[in-house]
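Here is the structure we will look at.
FYI, it's all coordinate maths here, none of it is from the lab. Treat the numbers as computed from the prediction; the structure is a model and nothing was measured. For neighbour counting, all protein chains shown are included, and Cβ atoms are generated from backbone atoms with ideal geometry for every residue, glycine included.
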Amino acid sequence: MTWPVELRGVTESLVTTRGPNGKWNVAALGLHAGSRVTARTYGRTRTWRNFHEEGEGYVQFPTDPVDFVDGALSVYEVGDPVLDSAGAWARVEVEQMDSAEKGDITVETWTLTPVESAVVAESVPTINRGFNAVIEATVAASRLDVPEYNTETLSARLDYLADVVAACGGPREHEALNRLQSYVSWE
């Protein structure tokens, strides 16, 4: 089985993993392309727990920036493993391949092997700077309180990216930025 989309560098995605309550937890997951696709979990997160307990998840490539912000910065649980906004998805088996301490947290590296996949929507790719800025802002916001990152630098980056979203984004990007600002604050 192969991935439903081309992966290169670090491809941002969302992953759903089934929790002990039977719901699917949605979280951001950076996919590192290579001979084996890998991803990392940082600390004792829901994704970390569910990977250990279930050994699988659904990696998806969302078309809605609001889903990305909600998955990355809040507790976001859904009833079905595949989001409505998934342009493509892959059910993956995960296997822990490494564990290392980074400051006060454990970083685990996982290999992800697709066992089922689908392309849900085919479209002509467009470049929307507002959408891309939302993704970059979400990554920066997720690192605000991590000691290894400089809060001042991240805050300046978030200010710049918020300006890009305001100038270049459409209604969904504006809504995603509003959600991001409701989850975290910077200055």
- request: Restrict the search to the range 56-107; then list the chymotrypsin sites (Phe, Trp or Tyr not before Pro) that DSSP places in a loop and that have at most 14 other Cβ atoms within 10 Å of their Cβ.
  value: none
task: Please name which of GLY43, VAL78, ALA33 has its Cα lying farthest along the dipole of the range 1-143 towards the positive end, using unit charges on Cβ (Lys, Arg +1; Asp, Glu -1) and the Cα centre as origin.
output: GLY43
statement: Among GluC sites (Glu not before Pro) in the range 125-160, those in a DSSP loop whose Cβ has at most 13 other Cβ atoms within 10 Å are GLU148
- request: Would you be so kind as to identify which of GLY55, LEU161, LEU180 lies farthest towards the positive end of the dipole of the chain, taking Lys and Arg as +1 and Asp and Glu as -1 on Cβ and the Cα centre as origin?
  value: GLY55
task: Compute the Rg to Rh ratio over the range 52-143 from the alpha carbon atoms, using the Kirkwood formula for Rh, and round to two decimal places.
output: 0.99
Student exercise, the chain dipole from Lys, Arg, Asp, Glu Cβ charges, in Debye to nearest 20: 120 debye
query: Can you give me the relative contact order of the chain as a percent, contacts being Cα pairs under 8 Å and 6 or more apart?
result: 22 percent
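Using a 10 Å cut-off on Cβ atoms, rank the peptides 154-165, 28-39, 119-130 from the highest mean neighbour count down. Could you put the intermediate results ahead of the total?
Working: 154-165: 17.8, 28-39: 16.3, 119-130: 10.2.
Output ranking for 154-165, 28-39, 119-130: 154-165, 28-39, 119-130.
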- request: Based solely on C-alpha atoms, express the radius of gyration and the Dmax of the range 126-184 in angstrom.
  value: 11.2, 36
